1. For the chain, what % of the accessible area comes from carbon and sulfur atoms, probe 1.4 Å?
2. Give me, ordered by chain and number, the residues 5 or more places off E83 or on other chains with an amide H under 5 Å from its own placed amide H.
3. For R50 and N104 in the same chain, what is the full-extension length gain: residue separation times 0.36 nm, less their Cα-Cα distance, in nm?
4. With every protein chain kept in place and ligands, DNA and RNA left out, what is the accessible area per residue of the stretch 35-130? Probe 1.4 Å, answer in Å².
5. Over the chain, what number does the Rg to Rh ratio reach, with both radii from the alpha-carbon atoms and Rh per Kirkwood?
6. Taking 0.36 nm per residue of separation and subtracting the Cα-Cα distance, what length does fully extending R23 through A39 add?
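The values are calculated or read from the model by the stated rules, or taken from the named source; none is laboratory data. Quick caveat, the model's predicted, so the values are computed rather than measured. Note: areas computed on protein heavy atoms with side chains; ligands, DNA, RNA excluded. Shrake-Rupley method; radii C 1.70, N 1.55, O 1.52, S 1.80 Å.
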Amino acid sequence: MPGSELPPGNQRIEALALDRADRSLRCLPFRRAFYEEVADQPISSAELCRRQDWPTLVFAPFGPERAEDHFIWLIRLGVLRREVDGQGLTERVRLTPMGRALLNRWPGEIPRAGLRDRIHENFLRHRPRF
């Protein structure tokens with residue numbers, strides 16, 4: 001990230017992580033408005049799927065289980081994190097600083113990946129050792 005005081009090896013790892021997350025965001029069904037919303041307030045997968053304004057947040061409807069799968073992937077990438085309350089981790093997620101840095105890469109809507117890239121991303125996501 002700009003202004004980062006990391007050693008050169010760590011800067012390269014950080015750049016690779018950002019690029020990896022960048023590719024994934026373009027393949028996932030969330031619109032920019034979703035990421036902007038979780039930057040301001042946490043949301044759970046169930047809350048997301050119950051909302052009447054879902055077309056402004058996602059490209060296509062899906063259930064809470066699928067939303068949770070996407071959340072877990074974004075957490076693994078470092079884009080989202082679980083919200084913490086007095087009892088510990090909750091089912092709600094928030095945007096991380098890395099997620100904010102990714103949003104800064106695009107002035108408007110996150111560009112969608114092509115079909116080939118989405119298939120490739122899905123394969124890497126579900127079969128990471130191949």
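1. Carbon and sulfur atoms account for 54 percent of the accessible area of the chain.
2. Amide H neighbours of E83, under 5 Å, 5+ apart: T90, R92, V93, R94.
3. Extending this stretch completely gives an extra 16.6 nm.
4. Dividing the accessible area of the stretch 35-130 by its residue count gives 63 Å².
5. Radius of gyration relative to Kirkwood radius: 0.97.
6. Gain on extension, R23 to A39, equals 3.8 nm.
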